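To keep things clear, I will list the structure first and then write my remarks on it.
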């Protein structure tokens with residue numbers, strides 16, 4: 001009797017993809033995003049000391065520096081998120097759970113549709 005492996009090939013593929021995504025996204029955060037956010041915040045703190053009325057501009061690096069945003073990037077950058085698409089195709093719904101409109105989003109009163 002042949003023993004079967006308890007995990008499917010797709011499960012192993014998704015796990016390895018998750019590990020690779022974690023490594024790559026975390027490397028970008030360590031090497032680019034957090035250092036640039038730190039430099040920006042230090043520069044703005046120095047400007048605030050010299051001029052109390054200074055208005056601090058928004059930086060995308062400061063917005064992205066937190067762990068929550070890093071986690072969102074990790075979870076949204078892999079093949080595991082495509083399972084929703086496969087499931088929606090199987091059941092004939094879009095990702096919001098609504099059935100697709102056969103008219104392409106147009107109704108009888110739409111100006112784009114001929115009478």
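We did not get these values from a lab; they are worked out from the coordinates using the rules stated. Keep in mind the model is a prediction, meaning the values are calculated, not measured.
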To two decimal places, what compactness ratio does the stretch 9-82 give when its Cα radius of gyration is scaled by 2.2 N^0.38 Å?
1.52
In Å and from the alpha-carbon atoms only, list the Rg and Dmax of the stretch 1-49.
21.1, 76
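Taking 8 Å as the Cα distance limit and 6 or more residues as the minimum spacing, I'd like the relative contact order of the stretch 9-82 as a percentage.
Relative contact order, the stretch 9-82: 50 percent.
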